[in-house]
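The values are calculated or read from the model by the stated rules, or taken from the named source; none is laboratory data. Source: prediction; values computed, not measured. Cβ coordinates were reconstructed from backbone atoms using ideal geometry, including for glycine residues, and neighbour counts include every protein chain displayed. All accessible areas refer to the heavy atoms of the entire protein, side chains included, with ligands and DNA or RNA removed. Shrake-Rupley method; radii C 1.70, N 1.55, O 1.52, S 1.80 Å.
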Amino acid sequence: MPVDDSGVTDAVLLERLARGEPDALGAVFDRHASAVTRYAWALAADRRDVEELVQDTFLTAWRRGAAIPQESLLPWLLVTCRNLNLNLQRARAKHRADELRDDLLAASGAQRADDDSEDAREQLRWVMAEIERLPAVDRRVCELCLIEGRSYAEAAEQLGLTVGAVKQRVLRSRTRLRKVVTDDEN
C-alpha cells in the first residue's frame, strides 16, 4: 500500500476523505495525479480531454471517498478514469451527426466523367430530391445534420428544437427515405 514521506497510507487518506477533510483530496491528488494523468493520456489524445478526465476522476474520489475500497485506491482511480472516458466517448458519439457518404458529397462538386462518379451524382440528386419532398422542418434538419454535417445539438439550437426532437426527425426522415428506396427497387 502506498505510503508518503510522512508515513500516511492510502487507507488513512481514504478515511480522511470519507470524513470530508479537504486536505485529504489534495494529498490523494499529490500522490496519484501523475499515474492518473499518464493513464488518461493513454485513453485520450486531446489535452482538454486528459485534463477533464483527471479532474473528474479526483472529483469522483472526493464524492465517493467512503465507498472506495481501502486496499485499492490507485486501481479504483484508474478504473474510474477509464469509465469516465467511456462515458465521454459515448456522449460525443450520441451527439455526433450522421453524414452523407463521402462519395456522394464528393460527387456533388466533382466534374469527373467516369461511371462511378456519374452513379454517385445520380444517387445524390435522388437523395436531394427526396429530401426536398420532406416537410419544411424535417428538410432543414436533414440539410443541417446529413448534408452539412452539423451535430444534433447544433441543429437543435439553430432550429429552436430539442436534441431529442432533431434525432427523431432524422430517424423519421431516414425511415421514409429507406421506404421510398425499397418501394423503388421493387
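Every residue, every condition in (1) within 20 Å of the chain's Cα centre (by Cα); (2) not hydrophobic (A, V, I, L, M, F, W, C), yes or no:
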{"site": "Glu132", "(1), (2)": "no, yes"}
{"site": "Leu144", "(1), (2)": "yes, no"}
{"site": "Glu148", "(1), (2)": "yes, yes"}
{"site": "Tyr152", "(1), (2)": "yes, yes"}
{"site": "Thr162", "(1), (2)": "yes, yes"}
{"site": "Ala165", "(1), (2)": "yes, no"}
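Could you list, in sequence order, all residues of the range 148-166 that are out of contact with any Cys (no Cβ under 8 Å at 6 or more places or on another chain) and of a type in the set (A, V, I, L, M, F, W, C)? Walk me through it before giving the result.
To start, the set of residues in the range 148-166 that are out of contact with any Cys (no Cβ under 8 Å at 6 or more places or on another chain) comprises 148-150, 153-154, 156-165.
Answer for the range 148-166, where residues must be out of contact with any Cys (no Cβ under 8 Å at 6 or more places or on another chain) and of a type in the set (A, V, I, L, M, F, W, C): Ala153, Ala156, Leu159, Leu161, Val163, Ala165.
Quick one: how many residues across the range 145-173 are assigned to a helix (DSSP H, G or I), open to solvent by less than 70 Å² (accessible area, probe 1.4 Å) and either in contact with a Pro (Cβ under 8 Å, 6 or more places away or on another chain) or in contact (Cβ under 8 Å) with a residue 24 or more places away in the chain (or both)? Before you say what the answer is, go through the steps one by one.
First, pick out the residues of the range 145-173 that are assigned to a helix (DSSP H, G or I): 145-147, 152-159, 163-173.
From the residues that got through so far, the ones that are open to solvent by less than 70 Å² (accessible area, probe 1.4 Å) too are 145-147, 152-153, 155-156, 159, 163-167, 169-170, 173.
Subset that is either in contact with a Pro (Cβ under 8 Å, 6 or more places away or on another chain) or in contact (Cβ under 8 Å) with a residue 24 or more places away in the chain (or both): 145-147, 152-153, 155, 163, 166, 169-170, 173.
Within the range 145-173, residues that are assigned to a helix (DSSP H, G or I), open to solvent by less than 70 Å² (accessible area, probe 1.4 Å) and either in contact with a Pro (Cβ under 8 Å, 6 or more places away or on another chain) or in contact (Cβ under 8 Å) with a residue 24 or more places away in the chain (or both) number 11.
Cβ-Cβ distances below 7 Å connect the following pairs, each with a first residue in the range 32-61 that is over 21 Å from Leu17 (Cα atoms), a second residue that is open to solvent by 50 Å² or more (accessible area, probe 1.4 Å), and a separation of six or more residues or different chains: Leu43/Arg82; Val50/Trp41. No other residue among Ala67, Ala97 is at pLDDT below 85 and exposed (fewer than 14 other Cβ atoms within 10 Å of the Cβ) apart from Ala67. Considering the range 1-95, the qualifying helices (runs of 4 or more DSSP H), each wholly inside and each with 2 or more residues that are more than 30 Å from Gln168 (Cα to Cα) and under 17 Å from the mean Cα position of the chain (by Cα), run over 22-43, 47-63, 73-95. The single condition among (1) open to solvent by 70 Å² or more (accessible area, probe 1.4 Å); (2) out of contact with any helix residue (DSSP H, G or I) (no Cβ under 8 Å at 6 or more places or on another chain); (3) modelled with pLDDT under 70 that Gly109 does not meet is (1).
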